[in-house]
Amino acid sequence: MSIARLTPTSYVVLGMVSMRGPSTSYDLKRAVENSVGYFWPFPHAQLYSEPKRLVELGLLEVQAEEDGRRRQTYTATEAGLAALRSWLAEPTEEQLQVRDVAELKLFFAEFARADDILNLAREQIEQHRERIGVYEAMQERFRDREDIADRLVPLRLGLAMEYAALDFWEKLEKERS
């Protein structure tokens, strides 16, 4: 097993399988959509290919149904759990990465019409308000769940970032109105 060959997607898969227990790729896709997918987007096709690769590395085990849909269910091995724990213990030196099309458009705003930037701000305000609503609903739904309290910590960061973005776009809208 070579930990150097593991990617962030590898750790998403290892973490999700370790957290959820035995999971199919479809289970992983749904779990990611409702959790880390909010802040770590990637092609969901990787959730079908990466578990197979992790089986080859001895980090997951697979059990396939012999008939019916022949679903493959993945379970973390001790080596997989050890790799996840090792990765979690490593320092994180990467800076926050933002991949925001709206911010990219702002960078080239000198070529846009004034109304285009104002409309962009208004669209972003709406989108950030919607995301804040989603996050606050999650927070409310899970607020009494002590068993997942650590998993809700990133939600607080996501909310803070959404509020900061909303504040920025609202100020820009005022400036441009």
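A few remarks follow.
- The one condition in (1) among the charged types (D, E, K, R); (2) in contact (Cβ under 8 Å) with a residue 24 or more places away in the chain; (3) farther than 16 Å from Val36 by Cα that Arg131 fails to fulfil: (3)
- Unique residue being of a type in the set (D, E, K, R) and under 20 Å from the mean Cα position of the chain (by Cα) when the list is Glu175, Glu162, Glu126: Glu162
Rundown of residues vs (1) in the same structural domain as Ala31 (by TED's automatic domain parsing); (2) under 30 Å from Tyr26 (Cα atoms); (3) surrounded by fewer than 12 Cβ atoms within 10 Å (Cβ to Cβ); (4) in contact with a Cys (Cβ under 9 Å, 6 or more places away or on another chain), yes/no style:
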site: Glu65; (1), (2), (3), (4): yes, yes, yes, no
site: Gly68; (1), (2), (3), (4): yes, yes, yes, no
site: Tyr74; (1), (2), (3), (4): yes, yes, no, no
site: Glu78; (1), (2), (3), (4): yes, yes, yes, no
site: Leu96; (1), (2), (3), (4): no, yes, yes, no
site: Asp115; (1), (2), (3), (4): no, no, yes, no
site: Arg131; (1), (2), (3), (4): no, yes, no, no
site: Arg156; (1), (2), (3), (4): no, yes, yes, no
site: Trp169; (1), (2), (3), (4): no, no, no, no
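- When His44 is tested against (1) surrounded by 14 or more Cβ atoms within 10 Å (Cβ to Cβ); (2) not in a loop (DSSP other than H, G, I, E, B), only condition (2) is not met.
- Cross-chain or 6+ apart pairs with Cβ under 7 Å, the stretch 5-19 first and farther than 21 Å from Glu94 by Cα and in contact (Cβ under 8 Å) with a residue 12 or more places away in the chain, then among the β-branched types (Val, Ile, Thr) and assigned to a helix (DSSP H, G or I): Met16/Val32
- Residue match in the stretch 37-60 (condition: touching a Pro at 6+ places or on another chain (Cβ under 8 Å), under 10 Å from Tyr74 (Cα atoms) and not assigned by TED's automatic domain parsing to the domain that holds Asp150): yes
- Scanning the stretch 21-35 for residues that are assigned to a helix (DSSP H, G or I) and either out of contact with any helix residue (DSSP H, G or I) (no Cβ under 6 Å at 6 or more places or on another chain) or surrounded by fewer than 15 Cβ atoms within 10 Å (Cβ to Cβ) (or both) returns Tyr26, Asp27, Arg30, Val32, Glu33.
The values are calculated or read from the model by the stated rules, or taken from the named source; none is laboratory data. Here the structure is a predicted model, which means the values were calculated and not measured. We place every Cβ from the backbone using ideal geometry, glycine too, and count neighbours over all the protein chains shown.
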